[in-house]
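The block underneath contains the structure these notes are about, expressed in structure tokens.
The values are calculated or read from the model by the stated rules, or taken from the named source; none is laboratory data. Here the structure is a predicted model, which is why all the values come from computation and not from measurement. So basically every Cβ, Gly included, is an ideal-geometry build from the backbone, and we count neighbours across all protein chains shown.
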Amino acid sequence: MTSNGPLSGIVVADFSRVLAGPYATMLLADLGAEVIKVEGPAGDDTRGWVPPTRDGVGTYYLSVNRNKRSIALDLKDPADLEVAHALSARADVFIQNFKPGGLARFGLDYDAVKTRNDTVIYCSISGFGSTGGAALPGYDLLVQGMSGLMSLTGDPDGTPFRAGISVFDVMTGMHSVIGILAALHHRDETGEGQHIETNLLSTALSSLVNQTSAYVAGGVVPNRMGNAHLSLFPYEPLRTGDGELIVVAGNNGQFRKLAEVLGHPEWADDPRFDTIGNRNDNRELLRPLLLEALAAKSAQDWFDVLTEAGLPCGPINTVQGGVELAERLGLAPVVEIGDVPTVRNPIRFSATPPTYRSAPPELDEHGDEIREWLGVTRA
């Protein structure tokens with residue numbers, strides 16, 4: 001699969017599975033890297049995570065594995081392990097998400113790979129790092145709970161909720177890509193390879209941004225606020241005459257305009273509401289006033305009126321609605337590769353755009369050609 005992308009010529013040995021690693025390697029593949037997906041004899045677990053399916057394959061697997069070639073290797077088999085070693089010697093990037101230390105017995109840990117490939121960029125992804133948390137299994141749900149995210153998600157008096165996606169797997173994948181690209185740049189300058197480590201818990205604490213900062217810098221332990229924002233009001237869905245609309249006033253100017261459009265310009269000069277801090281302190285006084293005004297029109301009518309006034313607002317769509325919105329906005333969110341629809345890479349380049357060269361591979365679809373390329377034939 002030739003490519004003219006910015007990472008053309010970079011070979012990635014992908015020993016990861018499920019989500020964080022495969023998402024990272026798909027991003028690299030979209031940008032032109034040659035990604036060789038190494039799977040166990042039974043294949044990536046997500047092939048069988050169903051429903052939903054497309055042509056018998058889990059759509060979970062299809063979501064993060066385009067632009068890759070697949071080879072099935074049993075690392076306990078000496079012949080297959082020889083192939084894995086040969087691949088590690090040829091790769092520019094080696095990425096894996098086994099438990100810390102799990103590949104050492106196969107001679108595929110960083111130190112072993114470095115002996116046969118001293119310029120390799122080796123990326124290890126784990127749940128809780130390679131020190132005190134090395135033995136802990138790295139499932140996204142566990143990290144959502146243990147990091148504090150679930151304590152922030154849900155109604156104030158209700159049960160903590162997980163996010164609707166494996167949010168920290170995805171974010172860890174993105175952080176891994178950032179680390180890999182930085183290491184490749186460093187290697188171009190110095191010729192040095194290096195070991196990169198990312199983990200879901202560190203990603204979670206970084207990605208909770210203002211919420212973790214509230215604790216580490218302000219001594220405040222945030223709690224669940226439903227759809228409300230800790231530091232902004234209004235910044236949440238509000239009831240209208242026929243449903244909810246997300247209404248945002250991110251600064252004093254936006255709130256003044258919102259008050260005018262709702263027919264109450266006096267709110268902007270009311271000392272209870274005239275600053276962000278005052279609106280937060282008095283949100284339980286302001287909320288019923290907003291709800292009373294919004295009850296006069298439907299959500300769609302208010303969307304039209306507020307948007308025309310330049311104010312941020314929006315409906316709460318289904319996933320279908322989100323895709324259809326992106327289509328209406330000209331973002332072309334769906335890319336067909338063969339007969340498999342996939343979601344477009346979100347990065348736009350003026351000169352070296354992402355490419356969509358092949359659908360997610362079948363298990364061991366490219367095993368023979370990869371062995372031939374490595375010069376290691378089947379036993």
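Taking ARG371, is it not acidic (Asp, Glu) and not in a loop (DSSP other than H, G, I, E, B)?
yes
Has region 248-264 got at least one residue that is in contact with a strand residue (DSSP E or B) (Cβ under 6 Å, 6 or more places away or on another chain) and either surrounded by 15 or more Cβ atoms within 10 Å (Cβ to Cβ) or not aromatic (Phe, Trp, Tyr) (or both)? Spell out how you get there, then give the answer.
Applying the first criterion (in contact with a strand residue (DSSP E or B) (Cβ under 6 Å, 6 or more places away or on another chain)) to region 248-264 yields 248.
Checking which are either surrounded by 15 or more Cβ atoms within 10 Å (Cβ to Cβ) or not aromatic (Phe, Trp, Tyr) (or both) leaves us with 248.
Checked against the condition, which is being in contact with a strand residue (DSSP E or B) (Cβ under 6 Å, 6 or more places away or on another chain) and either surrounded by 15 or more Cβ atoms within 10 Å (Cβ to Cβ) or not aromatic (Phe, Trp, Tyr) (or both), region 248-264 yields at least one hit.
Of all residues in region 185-202 being in a helix (DSSP H, G or I) and in contact (Cβ under 8 Å) with a residue 40 or more places away in the chain, which is nearest to LEU149 (Cα to Cα)?
Per the stated criteria, the residue is LEU201.
Of the residues GLY58, GLY132, which is without any contact (Cβ under 8 Å) to a residue 12 or more places away in the chain and of a type in the set (Gly, Ala, Ser)? Give the steps one after another, and end with the answer.
Values: GLY58 fails: without any contact (Cβ under 8 Å) to a residue 12 or more places away in the chain.
Exactly one residue qualifies, and that residue is GLY132.
Would you be able to say whether some residue in region 116-124 is assigned by TED's automatic domain parsing to the domain that holds ALA24, closer than 30 Å to ASN210 by Cα and of a type in the set (Lys, Arg)?
no
Residues are listed down the side, and each one gets a yes or a no for (1) surrounded by 12 or more Cβ atoms within 10 Å (Cβ to Cβ); (2) among the hydroxyl-bearing types (Ser, Thr, Tyr); (3) part of a helix (DSSP H, G or I); (4) modelled with pLDDT of 95 or more:
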| residue | (1), (2), (3), (4) |
| --- | --- |
| LEU290 | yes, no, yes, yes |
| ALA296 | yes, no, no, yes |
| VAL305 | yes, no, yes, yes |
| GLN320 | no, no, yes, yes |
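Would you point out the residue of region 155-172, among those that are touching a Gly at 6+ places or on another chain (Cβ under 7 Å) and in contact (Cβ under 8 Å) with a residue 40 or more places away in the chain, that is surrounded by the most Cβ atoms within 10 Å (Cβ to Cβ)?
PRO160
Would you check which residues across region 174-218 are surrounded by 16 or more Cβ atoms within 10 Å (Cβ to Cβ) and touching a Pro at 6+ places or on another chain (Cβ under 8 Å) and list them?
GLN211, ALA214 - these are the residues of region 174-218 that are surrounded by 16 or more Cβ atoms within 10 Å (Cβ to Cβ) and touching a Pro at 6+ places or on another chain (Cβ under 8 Å).
Taking into account only those residues within region 233-243 that are in a strand (DSSP E or B) and within 15 Å of GLU292 (Cβ to Cβ), which is farthest from the chain's Cα centre (by Cα)? Even if it seems obvious, please write down each step before you answer.
Within region 233-243, the subset in a strand (DSSP E or B) is 235-239.
Subset that is within 15 Å of GLU292 (Cβ to Cβ): 238-239.
Details: LEU238: 28, ARG239: 30 Å.
The residue in question is ARG239.
With respect to ARG328, determine if the residue is modelled with pLDDT of 95 or more, surrounded by 11 or more Cβ atoms within 10 Å (Cβ to Cβ), among the basic types (Lys, Arg) and over 21 Å from the mean Cα position of the chain (by Cα). Before the answer, list the steps.
Details: modelled with pLDDT of 95 or more: yes; surrounded by 11 or more Cβ atoms within 10 Å (Cβ to Cβ): no; among the basic types (Lys, Arg): yes; over 21 Å from the mean Cα position of the chain (by Cα): yes.
Answer is no for this residue.
Residue check: is ASN97 assigned by TED's automatic domain parsing to the domain that holds ALA29, closer than 20 Å to LEU19 by Cα and either at pLDDT below 95 or not hydrophobic (A, V, I, L, M, F, W, C) (or both)?
Considered against the rule, which asks whether it is assigned by TED's automatic domain parsing to the domain that holds ALA29, closer than 20 Å to LEU19 by Cα and either at pLDDT below 95 or not hydrophobic (A, V, I, L, M, F, W, C) (or both), ASN97 comes out as yes.
Only one residue in LEU286, LEU294 is farther than 12 Å from PRO234 by Cα and either of a type in the set (Phe, Trp, Tyr) or touching a residue at least 24 places away in the same chain (Cβ under 8 Å) (or both). Which one?
LEU294
Somewhere in region 105-118, is a residue β-branched (Val, Ile, Thr), closer than 20 Å to LEU28 by Cα and in contact with a Ser or Thr (Cβ under 6 Å, 6 or more places away or on another chain)?
Start the filter on region 105-118 by keeping residues that are β-branched (Val, Ile, Thr), which leaves 113, 115.
Okay, now just the ones that are also closer than 20 Å to LEU28 by Cα, so none.
No - not one qualifying residue is present in region 105-118.
Which count do you get for residues in region 286-303 that are of a type outside the set (S, T, N, Q) and out of contact with any Pro (no Cβ under 9 Å at 6 or more places or on another chain)? Outline the logic, then answer.
Restricting attention to region 286-303, the residues satisfying the condition of being of a type outside the set (S, T, N, Q) are 286-297, 299, 301-303.
Filter again for out of contact with any Pro (no Cβ under 9 Å at 6 or more places or on another chain), leaving 288-289, 291-297, 301-302.
Qualifying residue count for the region: 11.
In region 219-244, what residues are in contact (Cβ under 8 Å) with a residue 24 or more places away in the chain, crowded, with 17+ Cβ neighbours inside 10 Å and not hydrophobic (A, V, I, L, M, F, W, C)?
Answer for region 219-244, where residues must be in contact (Cβ under 8 Å) with a residue 24 or more places away in the chain, crowded, with 17+ Cβ neighbours inside 10 Å and not hydrophobic (A, V, I, L, M, F, W, C): PRO222, ARG224, PRO234, PRO237, THR240.
Determine whether region 158-170 contains at least one residue that is assigned to a loop (DSSP other than H, G, I, E, B), within 30 Å of ALA89 (Cα to Cα), among the acidic types (Asp, Glu) and modelled with pLDDT of 95 or more.
no
Looking at (1) over 24 Å from ASP188 (Cα atoms); (2) part of a helix (DSSP H, G or I), can you tell me which one ASP111 breaks?
For ASP111, the failing item is (1).
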